[in-house]
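Enquirer: The structure is given below, and queries will be raised subsequently.
The values are calculated or read from the model by the stated rules, or taken from the named source; none is laboratory data. Predicted model, so just to flag it, every value in this text is computed and none were measured. Positions of Cβ are backbone-derived with ideal geometry, glycine not excepted, and every protein chain shown enters the neighbour counts. The accessibility values were calculated without ligands, DNA or RNA, using every heavy atom of the protein model including side chains. Shrake-Rupley method; radii C 1.70, N 1.55, O 1.52, S 1.80 Å.
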Amino acid sequence: MRQQICIGDNLRLERRAGEARFICSCDRDLGTGQVNFKEHCRVKESSSSDIGPGYASSDPEMAGQMCFREFFCPGCGVRLTTEVALVGSPYLWDIQPKL
Amino acid sequence: MGYYIGLDGGGTFTDCVAMDDEGRLYYAKAPTTKEDFSVGMFDALSALAAECGTTPENLIASAARFSLGTTVGTNLLVERKGARTGLLATAGHGDAILMMRGSGRMAGLDPEKYYHPQDTNKPEPLVPRALIKEINERVDCNGKVVVPLDIDEVEAAVRSLVDAGVTAIAVAFLWSFKNPAHEQKVVEIIRQVAPDVFFSCSHRVVPRMGEYERTVATVINSYVGPSSEAYFKSASQRLHEAGLQHPLLVMQVSGGVLRAQQAVEVPLTSLGSGPVGGLIGSLYLSRNLGHQYVIATDMGGTSFEVGLIVDGEPLMTDENIVNQYRYKLLQQQTMSIACGGGSLARLDPYSRSIRVGPESAGANPGPVCYRRGGTEPTVTDADVVLGLLSAENFLGGRMPLDRDAAVRAVGALGKQVGLEPEEAAAGILRINNAKAAELIRQQTVIRGYDPRDFIVYAYGGAGPLHAFNYARELGVKGVVIPLGNGASTLSAYGCATSNLVRYFESEQMCFYPFPLGELNEQIALLEAEAQKSLDEMGNTAEDVSLERFGLMRYRGQWLHNLQMRLPAGTLGSLEVEQVVNDFRSTYDKLYGSGAGQVSQGVELFTLRIRAIARLRRPKQASCGESVMEIAAAAHLGARRIFWPDQMAEIESQVFDGRYLRFGNCVTGPAVVELPYTSIPVGKGQALNVDAYGNLVLRLEETTVSVRRN
Amino acid sequence: MEQTANIIWDGVARGYIPPDVLRISPKLQLHTKGAADVDPITYEVARNTLLNINLEHGQTIQKLSISPITMLVRDFQCAILTENGDVMCLGPYLLYLGNMLGLITKWILENRSEEPGIEDGDVFLCNDPYVGTSHQQDTGLTCPVFWQGELFCWVSNSVHYSDVGGPMPGSFCLNSNTIWEDPPCFPPIKLMERGQIRTDLEQLFLRQSRLPDTVAMDLHAAIAGLSVAKERIIKLIERYGPDTVKGVMNRIIDAGELAIEEKLQLIPDGRWSERVYTEAAVPGDRGIYASQINIIKEGGFLYVDNEGTSPQVGAINNTYAGLAGGTLAAMTIMLAYDLAGVSGGLYRRVKFRPVPGTITCADYPAPISIAGQFNMPMVVATATGAVAKMVACADSPLREKAIAMADVHAYGGSIFNGINQHGQFFVGMNAGMAVGALPASPVRDGVDTGGLFWVPGMEAANVEENELAWPVLTLYRRHNTAGAAGAGRFRSGLGAEEAWVLHGAPQMSMEVYMNESFVKNQGLLGGNPGGRSFFQVKKNTDVRLCLAEGKLPQNLADLSGGDVPMYFKGPPITLEANDVWSSNLPNFAGYGDPLDRDPALVAIDVSEGKLTTADAQQVYAVIFGADGSVDEENTRACRAGRKQARLAACP
Ligand SMILES: [Zn+2]
């Protein structure tokens, strides 16, 4: 039915050669729909205190257990999604539409 | 011959009313001219003079009083054409007016929108952040100065605002109503530094608690100030040039008039006196007719407004919302919903039923039958389909309506839910009337009143047309179309007949047992101020009085209060105890026995003094002699009307309301046509003309006495 | 989820999940005959009346209640339910309470219809979270409406009562490890029997409270609301007949369901998740815990579970009622936004498969009393993230309704008590931060201090109202800036902050406050998360000196004195004359990559003083020229460079 599913502004799931694949707006292929697209992103992991002004923690020990992950398209550098996560936890597979 | 003239220039038409020395009423109207209001004003006065059988010059020169109602302020606000306004606020609190207590995104909107965040937004700021200056000063909840006013900072702020091009300034400091010294000092500075700038300060505009609402009131006052001032001055000047001998009076939302020179101080109190005008007109009429309980209803093209008269007094409110801005100001309360002749009827695809409103066709394109390009059926189209509204005689025949188009549009909608055009039209009216009845319920029952004790006054273009239906829905005692053909100028009638009224308020929390010394002292202060103002009103008053009230509530009950009358003289503990007992028993009477816990404390948090100067005016003239026979000229013939209450087409008599006389009685099914509206008289109902020209609709199984004189 | 098959969701050992077919005693006759052929006009007239009856119910409570904060923050709800306890519509108040009224009512049908029986004139009271409340303070009342001996429908409400007992004033018991350290739980009791209040049971309930008079007035306000609603429904039945009214009620829910079904068709099948972290199960605990919600959309249904959520622990728990209520609140806003509160159709399309024994679906005897401040906003936030990602994958126009995450813990709220300047004992709840903020969406910025979308109509108290009720002086209450927090292609609305000093009393005690040690909010599809919510106390400052010298301090950093190390949850602290404290409600979540934000929008924020040019450059890579306007060319170059640098930094 659907030929593609837009996920926000840059990411989409598209049928290519009979298979659903994640594609960036720059046309970069981010892998099959069966796998978390985050695995195909460039990932920057920083302290949850360092996201920007206003995030600094008054309790660095607690904050140190958490990190901020940014998932960039390796093709164009756009930031597709972010996570505030426990250090060492696997990426949350949070977007799994079916085409 | 002297005339008491009221003129309301708020709407599409400038309406005016004159009462002569013998109490005879004359009505006229002319299109409002937005570019220069005085053109419309003098057009209307010329028409009025013709009605009175005199010249405009003579009419104005022989005016014993001249009162003006206007919506100039409301228009400025809605169209965002007010003055460039600056705001001085207490340091640390300049954002209050922008934050809007977090509820500005939805304040005053239909509750349906509450579930739909993406369809709501805050209104444009009245004052851009750059024009809000924070001043180092602080007063606490007892009125004690915590930080003195930084005078240099005030001077610099005023100068920078003037440099930024403001023509009006609002001053609203925290707790200024407990201690106005800082605001007063700022006024002195503004007078020196920027003598041409319009200013207002919060303790003068509305000395009530709640910095957000008080700030909004003050800012709006300044925002509409310069233009309102110019408007009043120019109206005053033009009328005096035309020969007016007395000071021009301006209608106030609190229900009285004030001299123009006093009204310009607080133009906010003239804001929106349009909707209130009809209520004020109803009030004076109700006193004439001896009606103690009245539901005043005004249905126009887009909205339905309701106000209440209880025990002969209009209900007041101090919470108002304009453009999602909530502000405090004492005014006669009217509630409004989007429900009128222009309300659109649409299919709800999920339940296969018809919804009516809240969307409206407005004036453009308007109902389908107006031939202005409207394609979706409206309530007015339904009226035309049923035959309640004559396609030929609309606006006295000046604007023939396209009935076929209305039938097509209503029919197409009906077809989708399996209804014939007439059935669908009747259904649209039933739904619309149910909504109107629901608003009236909300105004009465939630306050503890029973609608069956009330009489409905119906005016506005669509009010008389639908009253027979929504009034029956509520089981009210009867319906009055006030002044008959004069119903469309009721607001101007209110202007012509009202007294000079001013309210003085002060807010301080008193927990029972109240501190008597402090309370009496406050009352004395307020009454002295009120007396002074009455003296300033001049010697036109033949009857002057001060009345005192206390706003009371159970401790912690922020969202509700009752206004209790306080006895005259110095209050002692016995009097206070009586007032508290009255409060408790009134509360239980309204909300059920035991609603208030005896152990719960009682607060008196606001004192309110009403100063009234009753103006002399003639008693409204009545017809001496009643005639049973309806004049031949009044009977226009008959037509077939599909009655929504009978769900049947019945041959019905048609009358021209202008020729009906005291004593005439029209029995339904019939329609009485007037130039600006029509009055259906249903089967089993009867319409009587009373001695004052009011049309009194008698519903089945109830009676309302017809006033003879 | 096979594991849930054998679990007994009985409302005693575990939260109550009603079965598809209720086990109701044959003693109770139900009215089940709904006319299928009500004409479209009567339908609409009756529908309008029913929705207004529910509004009148809510307005009655608001008018007669005497708990100002409860009413300001709309911490109540009311509903009309069918004879078997299905919610037909709820009011424009705290959304997550809606479904709970259904749970309580269904539990009563199953457990009270035989003994002591359900009769005309009865009103049941219940504050047991395992039966169906969000926490004990949110006490539900539910009232059967009978017609000629048959149970026709129910009217119900839930109101937050100021204090229902337990060791802490306000009944938020941060230190509880079991329900026995919490305020008491009352499973449904018959507060009114055949039209008469059971004064013994009323007193039993009031006796637990530190504020029995206040709670009594509020309870009577709630009863008055029920009476109004019940009376009007009876009048409606008298006019149109029971079968017609029931037919209308059923069709209202059916129509709502149809509207939901149409929206679900715009969403592809799939699975979406969100995870939000919280901390400190009790004061002093250094643990970090996860709340996760997963939504599987399959055809016309949504299946919700909370797998991935931490096991129940300390005081930070809610029951099934909270999980379902919070999830449905987020869904109401993004899927049922055009249904005027008719949520019954939505409820039919959502199936829960919860994992028990978790912080968002705890088993007895986990304590629940603090959920109103901590868990409930967290559940709504978690659900918001999952629903928003799902809705963002939908076809237009539904995708525009996605909304990013709001607050994870209740709007920077704090709870405190003491003796005020009038010599009265008070329990205060700061509603100043109830100004909220509307988060970003895929098509527009949020709204600054735009309230909380899941508590429609909520409003903050005026500063003057606070200063009259409590012995405090508010040094400032102002908007946050639009820096990194909540940035995105569309940014969040701005939150706010305020600072207080004591005034008119020598001290007071602060029991509940929240100083997040890390940001808990999550951004939507590339947007920045919202900011960190903080609560800061500075002891022994020179604030009095400043005031005496005629200066109103506008910045905590400008004051002398020491910062007290604040934990997310600390022990109660005593605030004294020279202390200054401040709460911050951060901006909420942004949407999309900040580098994709229209530079013109950035320029507007700068011109309105909401954003510094330094932040504009750092967060949005927007460069301004000497004349103050956007330097388009340099901005383009800067943004391209930033994107390149991102890739270079993480190979
Ligand atoms: Zn890319």
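Enquirer: If only one of C:Asp363, C:Asp338 is open to solvent by 20 Å² or more (accessible area, probe 1.4 Å), within 14 Å of chain B (Cβ to nearest Cβ) and in contact (Cβ under 8 Å) with a residue 24 or more places away in the chain, which one is it?
Expert: C:Asp338
Enquirer: Then there's this: (1) more than 11 Å from chain C (Cβ to nearest Cβ); (2) assigned to a helix (DSSP H, G or I): which one isn't true of B:Leu590, the others all being true?
Expert: Condition not satisfied by B:Leu590: (1).
Enquirer: Could you pull out the residue among C:Ile260, C:Ile234, C:Ile223, C:Ile197 that is within 14 Å of chain B (Cβ to nearest Cβ), among the aliphatic types (A, V, I, L, M) and surrounded by fewer than 22 Cβ atoms within 10 Å (Cβ to Cβ)?
Expert: Numbers: C:Ile260 fails: surrounded by fewer than 22 Cβ atoms within 10 Å (Cβ to Cβ); C:Ile234 fails: within 14 Å of chain B (Cβ to nearest Cβ); C:Ile223 fails: surrounded by fewer than 22 Cβ atoms within 10 Å (Cβ to Cβ).
Matching residue, one of C:Ile260, C:Ile234, C:Ile223, C:Ile197: C:Ile197.
Enquirer: Which one of the conditions (1) more than 10 Å from chain C (Cβ to nearest Cβ); (2) within 16 Å of the ligand (Cβ to nearest atom); (3) under 14 Å from the mean Cα position of the chain (by Cα) does A:Asp27 fail to meet, given that it meets all the rest?
Expert: Every condition holds for A:Asp27 apart from (3).
Enquirer: Let me ask something additional. For residues in region A:5-24 being more than 10 Å from chain C (Cβ to nearest Cβ) and within 16 Å of the ligand (Cβ to nearest atom), which is surrounded by the fewest Cβ atoms within 10 Å (Cβ to Cβ)?
Expert: Among those that are more than 10 Å from chain C (Cβ to nearest Cβ) and within 16 Å of the ligand (Cβ to nearest atom), it is A:Arg16.
Enquirer: Which residues, taken from region B:624-657, are closer than 23 Å to B:Glu22 by Cβ and open to solvent by 60 Å² or more (accessible area, probe 1.4 Å)?
Expert: B:Gly624, B:Glu625
Enquirer: Where in region C:471-553 are the strands (runs of 3 or more DSSP E), entirely inside, with at least 3 residues that are surrounded by 24 or more Cβ atoms within 10 Å (Cβ to Cβ)?
Expert: Values: elements: C:472-479, C:496-502, C:507-512, C:534-539.
Per the criteria, C:472-479, C:496-502.
Enquirer: Looking only at region B:130-142, decide whether some residue is under 17 Å from C:Tyr476 (Cα atoms) and surrounded by fewer than 18 Cβ atoms within 10 Å (Cβ to Cβ).
Expert: Restricting attention to region B:130-142, the residues satisfying the condition of being under 17 Å from C:Tyr476 (Cα atoms) are B:132-141.
Remaining after also requiring surrounded by fewer than 18 Cβ atoms within 10 Å (Cβ to Cβ): none.
Looking for residues that are under 17 Å from C:Tyr476 (Cα atoms) and surrounded by fewer than 18 Cβ atoms within 10 Å (Cβ to Cβ), one finds none in region B:130-142, hence no.
Enquirer: Continuing with this model, one more query. Looking only at helices (runs of 4 or more DSSP H) that lie completely in region B:172-242, which have at least 2 residues being aromatic (Phe, Trp, Tyr)? Reasoning before the result, please.
Expert: Values: elements: B:181-193, B:202-205, B:211-241.
In region B:172-242, the matching helices (runs of 4 or more DSSP H) lie at B:211-241.
Enquirer: B:Ile428 passes all but one of (1) modelled with pLDDT of 90 or more; (2) more than 9 Å from chain C (Cβ to nearest Cβ); which number fails?
Expert: Exception for B:Ile428: condition (2).
Enquirer: In this structure, is C:Asn54 open to solvent by 10 Å² or more (accessible area, probe 1.4 Å) and either within 8 Å of chain B (Cβ to nearest Cβ) or of a type outside the set (A, V, I, L, M, F, W, C) (or both)? Give the derivation first.
Expert: Details: open to solvent by 10 Å² or more (accessible area, probe 1.4 Å): no; either within 8 Å of chain B (Cβ to nearest Cβ) or of a type outside the set (A, V, I, L, M, F, W, C) (or both): yes.
Judged against the criteria, C:Asn54 is not a match.
Enquirer: Looking at region C:567-588, which of its residues are hydrophobic (A, V, I, L, M, F, W, C) and open to solvent by 20 Å² or more (accessible area, probe 1.4 Å)?
Expert: C:Ile573, C:Ala577
Enquirer: Considering each of C:Val408, C:Val391 in turn, give the residue that is of a type outside the set (Ser, Thr, Tyr), in contact (Cβ under 8 Å) with a residue 24 or more places away in the chain and closer than 20 Å to C:Asp138 by Cα.
Expert: Residue meeting the stated conditions: C:Val408.
Enquirer: Let me ask another. Name the residues in region C:573-591 that are under 21 Å from A:Ile51 (Cα atoms) and either touching a Leu at 6+ places or on another chain (Cβ under 6 Å) or among the hydroxyl-bearing types (Ser, Thr, Tyr) (or both), would you?
Expert: Hits for region C:573-591 are C:Ser583, C:Asn587, C:Ala589, C:Tyr591.
Enquirer: Further question: Quick one: B:Leu109 ticks every box in (1) more than 14 Å from every other protein chain (Cβ to nearest Cβ); (2) open to solvent by 30 Å² or more (accessible area, probe 1.4 Å) bar one, so which box is it?
Expert: (1)
Enquirer: A further question on this structure: State the number of residues belonging to region B:158-187 that are in contact with a His (Cβ under 9 Å, 6 or more places away or on another chain) and among the β-branched types (Val, Ile, Thr).
Expert: 1
Enquirer: Collect the residues in region C:341-360 that are open to solvent by 20 Å² or more (accessible area, probe 1.4 Å), hydrophobic (A, V, I, L, M, F, W, C) and touching a helix residue (DSSP H, G or I) at 6+ places or on another chain (Cβ under 6 Å), keeping them in residue-number order.
Expert: C:Phe352
Enquirer: Would you please name the residue that is farthest from A:Asp50 (Cα to Cα), looking only at residues in region C:611-651 that are of a type in the set (Lys, Arg) and more than 8 Å from every other protein chain (Cβ to nearest Cβ)?
Expert: C:Arg636
Enquirer: Now for a separate question. Hey, does region A:34-41 have a residue that's within 16 Å of the ligand (Cβ to nearest atom), in contact with a strand residue (DSSP E or B) (Cβ under 7 Å, 6 or more places away or on another chain) and at the interface with another protein chain (Cβ under 10 Å from one of its Cβ atoms)?
Expert: Taking every residue of region A:34-41 in turn, at least one turns out to be within 16 Å of the ligand (Cβ to nearest atom), in contact with a strand residue (DSSP E or B) (Cβ under 7 Å, 6 or more places away or on another chain) and at the interface with another protein chain (Cβ under 10 Å from one of its Cβ atoms).
Enquirer: Scan region C:589-604 for residues that are closer than 25 Å to B:Leu131 by Cα and open to solvent by less than 10 Å² (accessible area, probe 1.4 Å) and jot them down.
Expert: C:Val602
Enquirer: Okay, moving on. List pairs: first in region A:63-77 and more than 8 Å from every other protein chain (Cβ to nearest Cβ), second within 7 Å of the ligand (Cβ to nearest atom) and open to solvent by 10 Å² or more (accessible area, probe 1.4 Å), Cβ under 9 Å, 6+ apart or cross-chain?
Expert: That search, which allows pairs on different chains as well, returns A:Cys73/A:Asn10; A:Cys73/A:Ser25; A:Cys73/A:Cys26; A:Cys73/A:Arg28; A:Gly75/A:Cys26; A:Gly75/A:Arg28.
Enquirer: Within region C:269-280, track down each residue that is within 20 Å of the chain's Cα centre (by Cα) and more than 8 Å from every other protein chain (Cβ to nearest Cβ).
Expert: Within region C:269-280, C:Val276, C:Thr278 meet the criteria.
Enquirer: Only one of C:Ile118, C:Ile179 is under 30 Å from C:Gly284 (Cα atoms), buried (at least 18 other Cβ atoms within 10 Å of the Cβ) and touching a Phe, Trp or Tyr at 6+ places or on another chain (Cβ under 9 Å); which?
Expert: C:Ile179 is the lone residue from the list that is under 30 Å from C:Gly284 (Cα atoms), buried (at least 18 other Cβ atoms within 10 Å of the Cβ) and touching a Phe, Trp or Tyr at 6+ places or on another chain (Cβ under 9 Å).
Enquirer: Same structure, new question: Here is a check on your reading of the model: is B:Ile132 more than 15 Å from B:Ile190 (Cα to Cα), of a type in the set (A, V, I, L, M), without any contact (Cβ under 8 Å) to a residue 60 or more places away in the chain and within 14 Å of another protein chain (Cβ to nearest Cβ)?
Expert: Against the criterion (more than 15 Å from B:Ile190 (Cα to Cα), of a type in the set (A, V, I, L, M), without any contact (Cβ under 8 Å) to a residue 60 or more places away in the chain and within 14 Å of another protein chain (Cβ to nearest Cβ)), B:Ile132 qualifies.
Enquirer: In region B:143-170, what residues are surrounded by fewer than 18 Cβ atoms within 10 Å (Cβ to Cβ) and closer than 20 Å to B:Asn221 by Cα?
Expert: Of everything in region B:143-170, those that are surrounded by fewer than 18 Cβ atoms within 10 Å (Cβ to Cβ) and closer than 20 Å to B:Asn221 by Cα turn out to be B:Val162, B:Ala164, B:Gly165.
Enquirer: Only one of (1) without any contact (Cβ under 8 Å) to a residue 40 or more places away in the chain; (2) open to solvent by 10 Å² or more (accessible area, probe 1.4 Å) fails for C:Pro144. Which number is that?
Expert: Failed condition: (2).
Enquirer: Looking only at residues that are small (Gly, Ala, Ser) and within 16 Å of the ligand (Cβ to nearest atom) in region A:42-79, which one is surrounded by the fewest Cβ atoms within 10 Å (Cβ to Cβ)? Can you show your working first?
Expert: We begin by selecting, within region A:42-79, every residue small (Gly, Ala, Ser); these are A:46-49, A:52, A:54, A:56-58, A:63-64, A:75, A:77.
Among the residues that remain, those that are also within 16 Å of the ligand (Cβ to nearest atom) are: A:75, A:77.
On the way: A:Gly75: 16, A:Gly77: 22.
That would be A:Gly75.
Enquirer: Taking only region C:20-68 into account, find how many residues are assigned to a loop (DSSP other than H, G, I, E, B) and without any contact (Cβ under 8 Å) to a residue 40 or more places away in the chain.
Expert: Residues in region C:20-68 being assigned to a loop (DSSP other than H, G, I, E, B) and without any contact (Cβ under 8 Å) to a residue 40 or more places away in the chain: 4 in total.
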